[in-house]
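Single-structure report; data block below.
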Amino acid sequence: MINEANFHPSTELLQKFAAGTLSGGMNVAISAHVELCELCRKQTSELEAKATIDWLQTPADDNGAEYSDMIANIISHPQLNKAEEKKSILSEMHMLDHSVSLPKVLAKAAAEGLVWKKLGGGINQAQISLDDETQCEFIYMQPGSQTPVHKHQGSEVTLVLDGSFSDELGQYGRSDFIMRTSIDVHQPRSDEGCLCFAVLDKPLTFTKGIARLLNPLNNYRFKKALSQNTNF
Amino acid sequence: MADISLAMDTIMMGTFPAKKEAQRKQARDSSVPLAANRLDPDSDESLLIAVGTKQSTDAFNELFNRFSKRVFAHGMKITRNEQLSKDLVQEAMLTVWQKAPLYDLDRGTAQSWIFTLTRNRCFDMLRKQKRQPSCVSADDIWPGEFEDVDAHGKKEHEFIEVEISLVEKYLSQLPAAQQAVVEQVYLFDRTHEEASALLEIPLGTLKSRLRLAMGKLRQLIGNEND
C-alpha cells in the first residue's frame, strides 16, 4: 500500500520536473517518488498547470516557417483509439525473503535485468545507465549494514523503496526522498535492511580512514559508468 | 490578442475550479460522449475534441496555428537548436493529432494537455539525439496512469461532497440560534469564547445551544441511516 512519505523533493525540484528541464536520472527518481506520494502527485499537477501558464505567456515569435507540408503529412497518419493506451509491465523486485513492488518507471528501467555487485560492509549495488550526467543505481543495504562516512562532490538523491535506513540527520522509510548536497557528510546505516534507488550527479568522496582509498576507485567507477553510457 | 485570451482562459479555469468541476460532472453524467456544444466552439478544448471525434482537419489546422509557435519556443528554450525545435513541432503536433481521441475534459485544459505532451516529446527527442539509453521514455516518467490513483481520490472527494450536502441539509433544519452557534464553532473554527463574544451571548448559553444542536444533528443523521 501507499505509505505517507516524510521527506519530499523541494518545490523547486518538482517545478523543474513539471517543466521538463531535469536530467533523465533525476526525472526517474522524482517520478518514482511521485507515484508513491499523493501529496507530490497533487503538487505536480498544480505545477504542470503553472508551467502551462508560463509557457503560454512566454513571447513566441513567428519563426516564419511554412508548415502546410507538415500539416498535410501529420493528418495522413492514423489516429489512436482509446483501447490502445494501457500497457502494463511487471513491477516486482525479488529480494532474499520477500518481493518488493517497484514504482512503474523503475520497473521499466530495471526491466532488462540488474547486475548486483557487493561493495563490502553489507552494501550491494546495481547500476543502470539513464543519461550521461548522472550515475543511477539500486542499492541494497543488508540488515545491520553501514556505509563508510562520506560526503558528496555533487548532489545525491536517494529514494527508499523498501525497509529503512538512518543517518545523522534522520530516519527514512519507504517512499522518502532524500537529497544530500556537497556540504553534507553522512554515514547511512540500516538495521532492518533497505532497498533504495539513488541518483548521483558527481561521485562520492569518502572522508575517513581506509575508505578514503576508495576515492580514486570511486572516481574510476563513475567514469566507467559514464563511458558505458556513451557506448549505447 | 488571441494569445492573451488563451492565457486568460487558462488563468480563469485555474481560478474557478468549481466551474471546471461542474463542467466535468456534466461531461460524466451525459450519456452522449462529451457534448462539445456545452463548450465555446472556438475554445481549444472544442477544437481538440473535434480532432479526436470527427478527425476534423479544420480544427487541427486551427490548433496548429494557435500552438506551433509555442511548441517551437519550448524547443528553443530546451535545445537551443532551430532544426531540433522544428522537429519538435512535427513530433508534438503529430502526437496531438494521434492522441486527440484519448483527450477528454477529465484530463484538464487542452493547453495543459498539449504542454505536457510537448514537454514529453522534447525530452524523448533530446535523449535520442544525445544517444542516451532508451529504456525509459517520457511516458514512463510522466504517465497518464498517475490519474488512476487520482480517480480514487476523486471518488472519495465526491463521497465527501455528498456527506457535506447532507449535513448542510440537516443544519438548515435546526433553529436559527443553534445554526449560528454550530456555524461559528465548526465552520469558522472559532473557540467557544470567540463565538460567544461574536454572537453576543453568554458562554454558558453558547455551550448549551451547541450541545442541543449537536444532539439534534446526530438524531437526524441517525434517522437517515435507519
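No value in this document is a laboratory result; all are computed from the given coordinates. Fair warning: this is a prediction, and the values are worked out from it, not measured in the lab. When we count neighbours, we look across all protein chains shown, and the Cβ atoms used for this are built from the backbone with ideal geometry, even at glycine.
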For segment A:21-32, Karplus couplings with θ = phi - 60° (6.51, -1.76, 1.60), whole Hz, Gly/Pro x
10, 8, 6, x, x, 5, 4, 5, 4, 5, 4, 5
Could you pull out the pairs from A:Lys108/B:Lys86; B:Lys69/B:Lys130; A:Lys16/A:Lys104; A:Lys16/A:Lys118; B:Lys86/B:Lys128; B:Lys69/B:Lys128 whose alpha carbons sit more than 26 Å apart here?
A:Lys108/B:Lys86; A:Lys16/A:Lys118
Excluding B:Glu91 itself, calculate the net charge of residues whose Cβ lies under 14 Å from the Cβ of B:Glu91, where each Lys or Arg counts +1 and each Asp or Glu counts -1.
+3
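I need A:Leu159, B:Leu166 ordered by Cβ neighbour count within 10 Å, fewest first.
B:Leu166, A:Leu159
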Taking N as the number of residues in segment B:160-214, what value does Rg over Cα atoms divided by 2.2 N^0.38 Å take?
1.13
Other chains near A:45-53: what is the mean number of their Cβ atoms within 10 Å of each residue's Cβ?
6
